[in-house]
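Visitor: Here it is: the structure, laid out below.
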Amino acid sequence: MSTRWARSIFWNGEKRRARIPWLIALPLVGAYASIIVAGEVVDGALPAPAQQLVVSGAPAIVAVALILLSRRFLGARRGLADYGLRVDRRWVVDLLAGLGIGVVGVSIPFLIGIGMGWLDVVAVFHRGELALWSGIGLYGLAMLCTGLWEELVLRGVFVCNAADGLRRWLSPRRAVAGGVAVSSIVFGLGHLGQPEIPAFILTWILAGVVFGVIYVYSGNLALAIGAHATYNITYNAGFSRTDIAGSEDLSAITRISPDPFLTDIGPGGPIEIAAFLSVGVLALGWLSLTRGSLTVQSAALGLDTSSQTREPRPTPVSNGRS
């Protein structure tokens, strides 16, 4: 009896697959564990951009491998393509659009800040531990890996599987919203070490909501991966803030010194909030332009399966009276 009960915690016998929390936790925990291991291995052994590439590349490889293994051995009904990595012409176009949206979305608050005198440009074409363009190139590859694994795991795996589980209690639309909400909280908690003011963890939860909305409205991961990657690239290699520890080790187009007030509040403040909101607005504009309307792409995400819909109420049987 105890063995059967223990097995039921992990395995859903009716659906012949691991239970949903395990399908989410396996790639999530595996990816974060690989970051810790990779960071320990390369700590101080490589220049900062190369080190970042290793630390970002490791979870991308691990996450992809664990998702494939989940499909093969744990009965997961989705694979990489089902989560939004089905590459076709639209996917490539969305990726390119996302790359542009990330650059523009982050540049807007920085350029406004420079124009208003809140931010000062203290260096142009700053060389970090490597030559300018090689340093930026390596860092760019690292952020593409980060965009890939974080969107694949935190949006693709998390949102879809959480929505599947929530369909027991919620309508399809509310289940998807719940999946986005829970994944956004986890995404925010994954960035606990970044903000100097604990309340600013809400900024990264907001980021999770933005990228989650982009994902469910686009029906694939391309737009979110592109925007996420170039958000990081533009923020750290386009407008490198002098008040962020270690930023001097990375090559950057410009080095920005914030107003003392902005320096005091550090990462997670108004610049980041404005940048995330800007990226979200631009992405929704792109989706409205290319899709014709803004709707949750539930069919593309595999969330319209009949096995997850509620049972219809039985039609009363007529007794023959009028």
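The values are calculated or read from the model by the stated rules, or taken from the named source; none is laboratory data. What you see is a predicted model, and the numbers here were worked out from it, not measured in a lab. Cβ: placed from backbone, ideal geometry, glycine included. Neighbour counts: every protein chain shown.
Visitor: Any residue at all in region 125-138 that is surrounded by 20 or more Cβ atoms within 10 Å (Cβ to Cβ), under 21 Å from the mean Cα position of the chain (by Cα) and within 24 Å of His228 (Cβ to Cβ)?
Guide: yes
Visitor: Next question, about the same structure. Looking only at region 235-264, how many residues end up being hydrophobic (A, V, I, L, M, F, W, C), more than 25 Å from the chain's Cα centre (by Cα) and more than 19 Å from Leu132 (Cβ to Cβ)?
Guide: Summing the residues that are hydrophobic (A, V, I, L, M, F, W, C), more than 25 Å from the chain's Cα centre (by Cα) and more than 19 Å from Leu132 (Cβ to Cβ) in region 235-264 gives 2.
Visitor: Any chance region 123-144 includes a residue that's under 29 Å from Thr295 (Cα atoms), modelled with pLDDT of 95 or more and not basic (Lys, Arg)?
Guide: Checked region 123-144: at least one residue is under 29 Å from Thr295 (Cα atoms), modelled with pLDDT of 95 or more and not basic (Lys, Arg).
Visitor: Do we have Asp82 as at pLDDT below 95, of a type in the set (D, E, K, R) and more than 15 Å from Gly156 (Cβ to Cβ) here?
Guide: Working: at pLDDT below 95: yes; of a type in the set (D, E, K, R): yes; more than 15 Å from Gly156 (Cβ to Cβ): no.
No; evaluated as a whole, the condition is false for this residue.
Visitor: Here's another thing I want to ask about it. Failed condition for Arg173, given (1) assigned to a helix (DSSP H, G or I); (2) more than 16 Å from Glu150 (Cβ to Cβ); (3) touching a helix residue (DSSP H, G or I) at 6+ places or on another chain (Cβ under 9 Å); (4) not polar (S, T, N, Q), with all others met?
Guide: So the condition that Arg173 fails would be (3).
Visitor: Hey, any hits in region 83-102 for a residue that's crowded, with 19+ Cβ neighbours inside 10 Å, closer than 20 Å to Val281 by Cα, in contact with a strand residue (DSSP E or B) (Cβ under 8 Å, 6 or more places away or on another chain) and of a type outside the set (S, T, N, Q)?
Guide: no
Visitor: Next question, about the same structure. For region 249-306, which positions are at pLDDT 85 or above, touching a Ser or Thr at 6+ places or on another chain (Cβ under 6 Å) and assigned to a loop (DSSP other than H, G, I, E, B)?
Guide: If the condition is that a residue be at pLDDT 85 or above, touching a Ser or Thr at 6+ places or on another chain (Cβ under 6 Å) and assigned to a loop (DSSP other than H, G, I, E, B), then Leu294 is the only one that fits.
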